[in-house]
1. Within segment 88-110, count every residue that is without any contact (Cβ under 8 Å) to a residue 40 or more places away in the chain and within 15 Å of the chain's Cα centre (by Cα).
2. Return yes or no: is residue 43 out of contact with any strand residue (DSSP E or B) (no Cβ under 9 Å at 6 or more places or on another chain) and crowded, with 17+ Cβ neighbours inside 10 Å?
3. Going by the structure shown, is residue 117 without any contact (Cβ under 8 Å) to a residue 60 or more places away in the chain and either touching a strand residue (DSSP E or B) at 6+ places or on another chain (Cβ under 9 Å) or at negative phi (or both)?
4. Answer with yes or no whether residue 139 is assigned to a loop (DSSP other than H, G, I, E, B), under 24 Å from residue 83 (Cα atoms) and touching a strand residue (DSSP E or B) at 6+ places or on another chain (Cβ under 8 Å).
């Protein structure tokens, strides 16, 4: 759908996770996700299930999307935003033309956009933590969810494959819960304690009651 994006929602909030936690951003959540098709295990704890349906939401032109963005940093998330890669490239181009920064959140199973984003968060998912070729040198942040599949060897292999990326370990929060599961907090803390260059990521927007 060249020049148009199917959008679930556009809203302002704080980035609640990872390296940019606490920074205000405009969020553009796109429709469609390939996790069900790929059988990714994130499905059982996903907190954005409304974005799975590729026919959900509304269709907007790039100018209509940017007309609803009020902050200098835009976080494009999903779902899986790269299912709409052609129009996403246009959004990146136009946002940069207007002097705005674009952050992208992706599971990394699809090829990266042709145009460079200002910050790319890749969150590989179990069971195999697959990333598509082409992400080398493009990943700024690896976000790894501390479920029972994630151990030090998996995290270390991913960190070694993307040495320029900061590594953020995030405890697993059950859907519609503000606080993470205690066993996942323990796992996440153990990983960052044994790897001091990594950092713990919390979903602070949930703790603050924000979107």
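Here, each number is a calculation from the coordinates, and none is a lab measurement. On a predicted model such as this, the values are computed, not experimentally measured, just so you know. Cβ atoms come from the backbone with ideal geometry, glycine included; neighbour counts cover every protein chain shown.
1. So the first thing to find is which residues in segment 88-110 are without any contact (Cβ under 8 Å) to a residue 40 or more places away in the chain, and the list is 89, 92-102, 104-106, 108.
Filter once more, keeping what is within 15 Å of the chain's Cα centre (by Cα): 102, 104-106, 108.
Count: 5.
2. Numbers: out of contact with any strand residue (DSSP E or B) (no Cβ under 9 Å at 6 or more places or on another chain): yes; crowded, with 17+ Cβ neighbours inside 10 Å: no.
It is false that residue 43 is out of contact with any strand residue (DSSP E or B) (no Cβ under 9 Å at 6 or more places or on another chain) and crowded, with 17+ Cβ neighbours inside 10 Å.
3. Details: without any contact (Cβ under 8 Å) to a residue 60 or more places away in the chain: yes; either touching a strand residue (DSSP E or B) at 6+ places or on another chain (Cβ under 9 Å) or at negative phi (or both): yes.
So residue 117 passes the test.
4. Numbers: assigned to a loop (DSSP other than H, G, I, E, B): yes; under 24 Å from residue 83 (Cα atoms): yes; touching a strand residue (DSSP E or B) at 6+ places or on another chain (Cβ under 8 Å): yes.
Here the answer is yes, as residue 139 does meet what is asked.
Rundown of residues vs (1) touching a helix residue (DSSP H, G or I) at 6+ places or on another chain (Cβ under 8 Å); (2) closer than 17 Å to residue 100 by Cβ; (3) in contact (Cβ under 8 Å) with a residue 24 or more places away in the chain; (4) outside any loop (DSSP other than H, G, I, E, B), yes/no style:
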| position | (1), (2), (3), (4) |
| --- | --- |
| 6 | yes, no, yes, yes |
| 13 | yes, yes, yes, yes |
| 16 | yes, no, yes, no |
| 27 | no, yes, yes, yes |
| 32 | yes, no, yes, no |
| 56 | yes, no, yes, no |
| 60 | no, yes, yes, yes |
| 71 | no, yes, yes, no |
| 76 | yes, yes, yes, yes |
